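Heads up, the thing below is written out as structure tokens.
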Amino acid sequence: MDENSVPVIGSAVEPAWALHRNMVAVAFPYVGEATTTFGLYARRSGGTKAFVLTAPLSRSSTEVAGNLVTSLASQDITVVGRAEFSDGVTPPSAVAADFAASGANVLIGAVSGSAMASVVAALRSANIGFKAAFSPTGYDRALVESYGPAIAGMSVSIYYEPFEEKTPEMGEYQEAMHHYAPELGNAAQVFAMDGYIAADLFLHGLEAAGSCPTRQEFIDALRSTKYDADGLLPSPVNLNEPLGGRPNCYFFVRVNAAGTGFETVPSDAGTNEWCGDRVAGQ
């Protein structure tokens with residue numbers, strides 16, 4: 001598709017998105033350069049030592065974990081333990097015991113949301129404290145409904161405004177989804193937001209390219225613009241940045257103390273956006 005200049009718009013879930021100019025996404029949470037943002041979040045939470053969860057035989061999990069570890073190191077948070085974990089295969093209680101033995105107070109996961117939740121629940125069941133437990137996946141009401149207060153304090157980083165925020169931008173999203181995709185019912189779903197932003201980005205490219213653009217003209221026009229999904233992103237994305245460049249700003253949501261839902265975690269700057277810098281040397 002690259003050699004034929006076929007535009008591809010979507011979610012960057014594998015390294016290929018960082019290698020081809022015709023593949024355009026607004027965030028690269030799984031590939032690209034490390035940012036200090038995650039380390040800042042862990043440090044602000046009181047974290048000093050980290051335990052890392054990865055999925056067995058998964059290259060993408062290893063890459064995500066590597067970037068998270070680099071981010072933690074930028075804030076002087078050291079890794080004191082690691083474990084490979086598959087939900088339903090490895091006992092979560094065993095990972096919880098390893099976490100406690102390591103002396104860690106931060107749990108970071110490059111695993112599925114359900115896997116992360118099961119380990120956090122095991123920590124709480126064993127009365128093992130932590131300052132922060134977060135991953136790029138797990139923003140899912142179903143997990144809260146399943147685990148409740150057993151996963152209180154579990155955080156997830158996301159690249160768009162949290163569904164819990166009652167802003168005009170989120171209102172426009174909800175209204176559009178209700179009008180054009182009423183069969184979805186609840187629009188507060190990660191994949192629904194991913195699809196919405198991808199479709200909006202495609203239309204943004206068509207507007208920038210003008211009437212009757214060629215494939216290459218569409219790609220060039222889209223790459224020459226900035227995009228913020230009408231305010232749903234924490235900051236405008238320069239689509240002509242080096243491919244795979246990780247955005248420096250994210251939102252963090254956390255399961256509330258009662259285990260009834262997610263809450264947005266404000267930053268030290270007094271906003272909901274957590275922004276850092278690209279780690280030098282990356």
Residue 252: open to solvent by 50 Å² or more (accessible area, probe 1.4 Å), outside any loop (DSSP other than H, G, I, E, B) and either aromatic (Phe, Trp, Tyr) or in contact with a strand residue (DSSP E or B) (Cβ under 8 Å, 6 or more places away or on another chain) (or both), yes or no? no
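On the given criteria, is residue 93 in contact with a Ser or Thr (Cβ under 6 Å, 6 or more places away or on another chain) and assigned to a helix (DSSP H, G or I)? Write out each step before concluding.
Details: in contact with a Ser or Thr (Cβ under 6 Å, 6 or more places away or on another chain): no; assigned to a helix (DSSP H, G or I): yes.
When the stated conditions are applied, residue 93 does not pass them.
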Write out, first by first residue and then by second, each pair whose Cβ atoms fall under 8 Å of each other, whose residues are 6+ apart or on separate chains, and whose first residue, in the stretch 120-132, is within 12 Å of residue 51 (Cβ to Cβ) while the second is open to solvent by less than 30 Å² (accessible area, probe 1.4 Å) and among the hydroxyl-bearing types (Ser, Thr, Tyr). 132/41; 132/155
Can you tell which of 143, 72, 57 is open to solvent by 10 Å² or more (accessible area, probe 1.4 Å), in contact with a helix residue (DSSP H, G or I) (Cβ under 6 Å, 6 or more places away or on another chain) and either at pLDDT below 95 or within 30 Å of residue 272 (Cβ to Cβ) (or both)? 143
So, of the residues in the stretch 200-223 that are within 23 Å of residue 160 (Cβ to Cβ) and free of Cβ contacts under 8 Å to residues at least 12 places away in the same chain, which turns out to be farthest from the chain's Cα centre (by Cα)? 207
Options 179, 204; residue that is open to solvent by 60 Å² or more (accessible area, probe 1.4 Å), over 20 Å from residue 142 (Cβ atoms) and of a type outside the set (A, V, I, L, M, F, W, C): 179
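The values are calculated or read from the model by the stated rules, or taken from the named source; none is laboratory data. The model shown is predicted, which means the values in this text are computed figures rather than measured ones. All Cβ positions, glycine included, derive from the backbone under ideal geometry; neighbour counts span all protein chains shown. With ligands, DNA and RNA removed, areas are computed over all heavy atoms of the protein, side chains included. Shrake-Rupley method; radii C 1.70, N 1.55, O 1.52, S 1.80 Å.
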